[in-house]
2 protein chains.
Amino acid sequence: MSSSLFDYEPRDWRTGTDERLRFALVGIGWWTTEFVLPAIETTEGCVTTTVVSSSNEKTGRVRREYETVEHGLTYEEFADGEALDAYDAVYVCTPNATHLEHVEAAAEHGKAVLCEKPMEATVERAERLVDACDDADVPLMVAYRMQTEPAVRRARELIRDGVVGEPVLVHGENSQPLLEMIDDPDQWRLNPDLTGYGTSVMDLGIYPLNTARFLLDADPVRVQSTMDSTHEAFADVPDQVATFSVVFDDGTHAACSSSQRGADHTRLEVVGTEGRVVLEPAFHMETQLTVERDGETVEFDTEGVDQMAEEFEYFAQRVLADEPLYADGEHGLADMKAIAAIHEAAESGETVDLS
Amino acid sequence: MSSSLFDYEPRDWRTGTDERLRFALVGIGWWTTEFVLPAIETTEGCVTTTVVSSSNEKTGRVRREYETVEHGLTYEEFADGEALDAYDAVYVCTPNATHLEHVEAAAEHGKAVLCEKPMEATVERAERLVDACDDADVPLMVAYRMQTEPAVRRARELIRDGVVGEPVLVHGENSQPLLEMIDDPDQWRLNPDLTGYGTSVMDLGIYPLNTARFLLDADPVRVQSTMDSTHEAFADVPDQVATFSVVFDDGTHAACSSSQRGADHTRLEVVGTEGRVVLEPAFHMETQLTVERDGETVEFDTEGVDQMAEEFEYFAQRVLADEPLYADGEHGLADMKAIAAIHEAAESGETVDLS
């Protein structure tokens, strides 16, 4: 092991400002209520003042529970610019195909945007989303929470320091039993009009894809894929189960899978010429890091963080300091293009080059 | 966990005969000298009486070390039928592209054949190998040692018993740093005339491929692959590093990698609808089995075996009892066809169907 064993770079978002960024949360489903609202409460730099939902009952419940939340808006009211003085930034966590309209509205209102991944349902719509922010000159960040995870950032440092030698292969897995989690065949993740290209790669495969990019500091150049949907609830999406391979521009090859059918499991491994880095579980809230080299295995008991709190804290501090954001729209677009190519590859049975 | 926790089927080769099968070992390189000769010494049903090599020095050394070995033959002497009365069966462990000639000779001599995997350099030659044994009516078995491994057999029983539910995905990895192990750019595994289609899939990828078939009791129907050779020693073989996906006839999808470049590592995982089975390390001599289901992880400290001793014991008992062998030539041919398809897929960039 290198001398850098206890020396790595946490996300450097402490800029010392006392100001707080005021958020409108657009979409207050499971993720926003269970993770985002509580996370923002723990931050120094963020406060939720506004929530946006089609359901007055939902916004009312949030307003009763969180005293900082002054405004509950419908999507129309949000689009029409109600309560504009109450918030500085917009967090978008709605079905993929609705991101664009909300980001366009936020950009029109001159608000900074933190948009959930995948950015949109299609590359074309994601590009329009980026253009909307560029044209309005508002900051845009894509919410890759794994990039805030200390075990992931630590792994990246170790790989950069050469602990595994030259990266050679990646294995990534992200599997969950969707219908056991949400017992509804009409949920939006199974509706191509809302989810986009499909369900498991968009929703789950994006984790090994993006986290591998982050760990390797590399981008996809070529993909292949096989997909299969057997359950009738998945009749309109091709990828209840998918495997996909990615060749990165550093020459690393990745063999990945995503599944809305298999038992809950996440794992990401980078095999290098000298050793291995394994994140397992990888993509849930308790990431475990193990490094193997020269027959020695080191398990890191990295202090966990609230990934969403880190995400928001970083975003707020950067926006308030008018500093560049990572991951930006271009970074998110690269994933969208790779996912589109993975779907194209599965449909055609051919390798698809990303140029 | 099912009630079958401590109830599984070891390889059922104890047929109670006192007879011993006498072997000619063809090819006495590293594997034969380090693993096979010592393994045979520990068996009840096998004895090595004959060794065959181009090197008189090698055969002489074996004869001095093993007192049962009466004959050291050149390949020509073996082909010409010298010392035919001294052995009943032939074990072939030479470079892939030379299996055919030795198996043809063994078949002509009426000897039972235990042939190392992969069976030959190409499908066409492997088919000729099977035909040679069929035509001469001699038993043929392909030496898949992993099928003797208690951890693997145990995993198969657990999968059959439904411990992981319905299998959904497989992840398989087999990586070794070939040039660190054998520091010779002219070794036969890098010479397509001797190795066949390539190096890492033929030599290493065959392990996750065949072991997955064994665990799932399923056969490949469709493959994809990416390959890359960067080191100059690999200039004549396409797959210093490879990823490949396999769709099996039970609907399971596998994402696999093989590499002669990455650090030493082997792993095989079957993810089902209810849980996971993990073999890690998988393909070396100490296979570790872990099963995960319902948040519970069970580690099996399965008693290790000498896989080659088991292989030979099984083969001998079956041949002596005139009973069918598994894995037979057809079983081995399925791997050869899949490997050929994997190479075709990598070269064309297209999915290749196996019919």
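Annotation: amide H of A:V221 within the under-5 Å range of A:V247, A:F248, A:D249, sequence separation 5 or more or interchain, hydrogens built in the peptide plane. Each label was represented as a point 7 Å from its Cα along the Cα-to-Cβ direction; for B:D301 and B:R64 these points are 4.2 nm apart. Comparing the full protein assembly with the isolated chain (1.4 Å probe, heavy atoms, ligands and nucleic acids excluded), the residues of the range B:165-204 losing at least 50 square angstrom of accessible area are B:V168, B:L169, B:H171, B:E173. For chain A, the longest principal axis of the alpha carbon atoms and the long axis of helix A:329-348 meet at an angle near 60°. Cα centroid separation, the range B:39-94 to the range A:203-270: 50 Å. With label points defined 7 Å past Cα in the direction of Cβ, position A:P281 shows copy-to-copy spacings of 3.0 nm, given to one decimal and shortest first. Listed peptides A:279-287, B:46-54 appear in the order B:46-54, A:279-287 once ranked by packing, highest mean of other Cβ atoms within 10 Å at the front. What number, in percent, do you get for the relative contact order of the range A:11-145 if the mean sequence gap of Cα pairs under 8 Å and at least 6 apart is divided by its residue count? Contact order relative to length: 21 percent. Under 5 Å between amide hydrogens, built in the peptide plane, is the criterion, and for A:G262 it picks out A:Q176 among residues at least 5 positions away or on other chains.
Per-residue 3J(HN,Hα) values for the range B:83-93, derived from phi via the Karplus relation 6.51 cos²θ - 1.76 cosθ + 1.60 with θ = phi - 60°, read 6, 4, 6, 8, 9, 10, 9, 10, 9, 10, 9 Hz in sequence order (x marks Gly and Pro).
Peptides A:268-275, A:162-169, A:67-74 ranked from most to least packed by the mean count of surrounding Cβ atoms within 10 Å: A:268-275, A:162-169, A:67-74. With 40 Å² as the minimum drop in accessible area between chain alone and full protein complex (1.4 Å probe), the qualifying residues in the range B:230-245 are B:V241, B:T243.
Look at the alpha carbon pairs under 8 Å that are at least 6 residues apart: their mean separation over the length of chain A gives a relative contact order of 20 percent. For the segment B:268-276, counting C-beta atoms of other chains within 10 Å of every residue's C-beta and taking the mean gives 5. Once Rg and the Kirkwood radius are both taken over the C-alpha atoms of the range A:11-145, their ratio Rg/Rh works out to 0.94. Between A and B, roughly 3100 Å² of accessible area is buried in total, ligands, DNA and RNA not counted and the probe set to 1.4 Å.
Taking Cα atoms only, the orientation of helix B:150-160 departs from the longest principal axis of chain B by about 40 degrees.
Straight-line cross-link reach from B:K58 at under 16 Å between alpha-carbon atoms covers these aspartates and glutamates, not counting any fewer than eight positions away in the same chain: B:E34, B:E67, B:E70, B:E76, B:E77. Note down the net charge around B:W31, summing +1 for each Lys or Arg and -1 for each Asp or Glu among other residues with Cβ under 14 Å from its Cβ. Here the charged neighbours net out to -1. On a per residue basis, the protein assembly as shown carries 39 Å² of accessible surface, using protein heavy atoms and a 1.4 Å probe. Relative to the longest principal axis of the Cα atoms of chain A, the long axis of helix A:99-108 makes an angle of roughly 50 degrees. With the convex hull drawn around the C-alpha atoms of chain B, the volume per residue stands at 132 Å³.
Here A:E57 yields copy-to-copy label distances, from shortest upward, of 8.7 nm, the label point defined as 7 Å from Cα along Cα to C-beta. Couplings 3J(HN,Hα) for the range B:240-255, derived from phi with the Karplus relation 6.51 cos²θ - 1.76 cosθ + 1.60 (θ = phi - 60°), are 4, 10, 9, 10, 8, 10, 10, 9, 9, 6, 9, x, 6, 10, 10, 10 Hz, where x marks Gly and Pro. Partner lysines whose Cα lies under 20 Å from the Cα of A:K337, excluding those fewer than 8 positions away in the same chain, are identified as A:K117.
Summary for B:G81: label point 7 Å along Cα→Cβ; distances to the equivalent points in the other copies, ascending, 10.0 nm. At q = 0.14, 0.15, 0.18, 0.20 Å⁻¹, what log₁₀ I(q)/I(0) does the range B:132-235 have when each alpha carbon counts as one equal point scatterer in the Debye sum? For the requested q values the scattering log ratios are -0.78, -0.86, -1.05, -1.14.
A Cα-only calculation for the range B:267-348 places Rg and Dmax at 17.4, 47 Å.
From largest to smallest, the equivalent ellipsoid semi-axes obtained for the range B:214-325 from the alpha-carbon gyration tensor read 27, 23, 18 Å. The tail of the calculated P(r) for the protein assembly as shown beyond 34 Å holds 51 percent of all Cα-Cα pairs.
The values are calculated or read from the model by the stated rules, or taken from the named source; none is laboratory data. What you are looking at is a predicted structure, and each value in this text was computed from that prediction instead of being measured. Note: ideal-geometry Cβ built from the backbone for every residue, glycine included; neighbour counts use all protein chains shown. Only protein heavy atoms, including side chains, enter the accessible area calculation; ligands, DNA and RNA are left aside. Shrake-Rupley method; radii C 1.70, N 1.55, O 1.52, S 1.80 Å.
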